[in-house]
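Structure first, then comments.
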Amino acid sequence: MTKFIIKGGNKLNGKVKISGAKNSALKIMAAAIMAGGRTILKNVPVIDDVLTMAEVLNQLGAEVDFDTSHNILEINPDNIKSFEAPYELVRKMRASILVAGPLLSRFGEVKVAIPGGCNIGSRQIDLHLKGFELMGAENVIEHGYVYSKAVSGAAKGAKRKLKGAEINLEFPSRGATENIMMAACLSSGKTIINNAAKEPEINDLANFLNKCGAKISGIGTDSIVIEGVDELAGCQYEIMSDSIEAGTFIIASALCGKKVEIAGAVWENMGIFCQKLKDIGVNIENKENSTIIIKKSKGILKPAYISTLPYPGFPTDLQPIATVLLCTIPGISIVTENVFENRFMYVDELNRMGANIKIDGHHAVITGVNKLSGAPVSATDLRAGAALILAGLIADGTTEVYEINHVLRGYENFDKKLRNLGADIIKVS
């Protein structure tokens, strides 16, 4: 069984470069379905989720070529004939549902397997389907699949198109915002998404689509406007850097760093997170909005109250990772999880390492301890796995982290990057 073995106690020092954003690359790969000709994507992270999305596109009929040594991925969707994303692929990664909007937009119909459960909580696709319905699609759910089809707006015998609509999201869902925005690109008329999610990765997707010929405005606001166009064309585009990976290395450096420069960490994309660390007492510095520098703190760090919220709030993906830092700070900290109901599944594993965390509903009450102790632990999801690795960096003795397939989904060369900074971590099978 593949695992990470970490010997704690080493100090981190040096420079690390952040990879392309997982949550941007996956959506832009899906969006390329609608763009005729070749799309060339740069700064694509070599991670399992990207390889799975490439497999999904291949299964649909696209030509996909991934130069992993240079992080360049080329997609030619011209030969896509199928509008069905089968369960055996969708079950590997929930983000596969985001091919639904592009396929529906391009073909006027789509059949996609309903994603299965997720360790950190339910992420229903109801908001996606309601958006499609308001744009003139009829949704049928049966046998574990959703079949959506545009039912009006075309001459007899022609491909039916979605029509523009005003869509008011009940919750600023990132996935629903992305899927509806993509579906609207080749629709007829104007679509307005109100209460839209505002994550930087959504801006990256919108900027890519505009470069392909889409007409999207209101980027970065909670009201996105899409004017439908007749066609999109492939382009060359560079994926933004990954704010969650950047946050992970920021916390690692705060835990056991001397001086670490994190290139590709964009402060304006993670302002509330960085400000919270400043309030705690972390010695964090913004350099030209492209590099964040962490130096060893001079004083004792302070406990904190953290509450996760959709962007621009404190990111739920960094909640487990920040909790590791809070475990080491004297006093009582409280973390409130407002996005995913099962995001505290990693707590039992941290407590096995000597942490003192008690769960009360969607609150975690953390009493700081003097030290953590190495132990065998298992990752329950992607960010929980990263949190356990960081705990191992500061724990006495040896920590073995199992179920690291979760970590490999979302972090490129995570162990290698940590080793280059001085960590004692190896991956063994």
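Read the figures in this text as sums done on the coordinates, not as results from a lab. Keep in mind that this is a model prediction, so the values were computed, not measured. Counting neighbours? That spans all protein chains shown, and the Cβs are built from the backbone with ideal geometry, glycine included.
Points to keep in mind about this one:
- Using alpha carbons only, the radius of gyration of the chain set against its Kirkwood radius gives Rg/Rh = 0.99.
- Most fluctuating residue given options Ala95, Ala384, Ala246, as computed from a GNM of the chain linking Cα atoms under 10 Å: Ala95
- Distance from region 322-389 to region 48-67 (C-alpha centre basis), Å: 35
- Å³ per residue enclosed by the Cα convex hull of region 1-60: 111
- Per residue of the chain, the DSSP helices (runs of n ≥ 4 H) give a summed -39500 (n - 2.57) that works out to -8500 deg cm²/dmol at 222 nm.
- Spacing of the modelled spin labels on Thr2 and Ile300, each 7 Å from Cα toward Cβ, amounts to 4.3 nm.
- Amide H contacts of Ala85: Lys111, Val112, Ala113, each under 5 Å away and 5 or more positions distant or on a separate chain (H built 1.01 Å from N in the peptide plane; Pro and chain starts excluded).
- Along its principal axes, region 204-338 has C-alpha extents of 60, 31, 19 angstrom, given from the largest down.
- Working note: Karplus 6.51/-1.76/1.60 with θ = phi - 60° gives region 295-305 the couplings 10, 4, 5, 7, x, 7, 6, 9, x, 8, 10 Hz, where Gly and Pro are set to x.
- Modelled label positions at Asn58 and Asn168, each set 7 Å beyond Cα in the direction of Cβ, lie 4.6 nm from each other.
- Amide H contacts of Ser19 (H built 1.01 Å from N, under 5 Å, at least 5 apart or other chain): Asp242
- Beta bridge orientation in region 22-238: antiparallel %, DSSP, nearest 5: 70
- Listed residues Lys27, Lys276, Lys42, most fluctuating in the chain (Gaussian network, C-alpha, under 10 Å): Lys276
- For Lys92, no residue has an amide H sitting under 5 Å from its own, ignoring neighbours fewer than 5 places away on the same chain, with H placed 1.01 Å from N.
- Pairs with C-alpha atoms separated by more than 26 Å, drawn from the list Lys22/Lys417; Lys276/Lys358; Lys258/Lys302; Lys81/Lys198; Lys276/Lys296, are Lys81/Lys198.
- Pairwise Cα separations in region 23-104 fall into 5 Å bins from 0 onward with the following percentages, short to long: 3, 16, 31, 28, 16, 5, 0.
- Local electrostatic count, Phe107, Cβ distance below 14 Å [Lys/Arg +1, Asp/Glu -1]: +3
- Net charge of neighbours whose Cβ lies under 10 Å from the Cβ of Thr191, counting Lys and Arg as +1 and Asp and Glu as -1: 0
- Mean-position separation - Cα centroids, region 276-307 and region 391-409, in angstrom: 24
- Simple Cβ-charge dipole of region 22-238, Lys/Arg +1 and Asp/Glu -1, about Cα centre, in debye nearest 20: 460
- Most positive-pole-ward Cα, Ala184, Val324, Ile404, against dipole of the chain from beta carbon charges: Val324
- Length released on extending from Val46 to Val229, taking residue separation times 0.36 nm less the Cα-Cα span: 62.6 nm
- For region 11-19, putting each phi into the Karplus relation 6.51 cos²θ - 1.76 cosθ + 1.60 with θ = phi - 60° gives couplings of 8, 8, 7, x, 10, 9, 9, 7, 7 Hz, in residue order, rounded to whole numbers and with x for Gly and Pro.
- Ranked by how many other beta carbons lie within 10 Å on average, peptides 386-394, 161-169 from highest: 386-394, 161-169
- Based on Cα atoms of region 22-238, Rg over Rh with Rh as the Kirkwood radius reads 0.93.
- Euclidean distance between Cα centres, region 1-28 to region 173-190, Å: 32
- Placing +1 on the Cβ of every Lys and Arg and -1 on the Cβ of every Asp and Glu, with no other charges, gives region 364-422 a dipole of roughly 180 debye about its Cα centre.
- Estimated dipole of the chain in Debye, rounded to 20 [Cβ of Lys and Arg +1, of Asp and Glu -1, Cα centre]: 860
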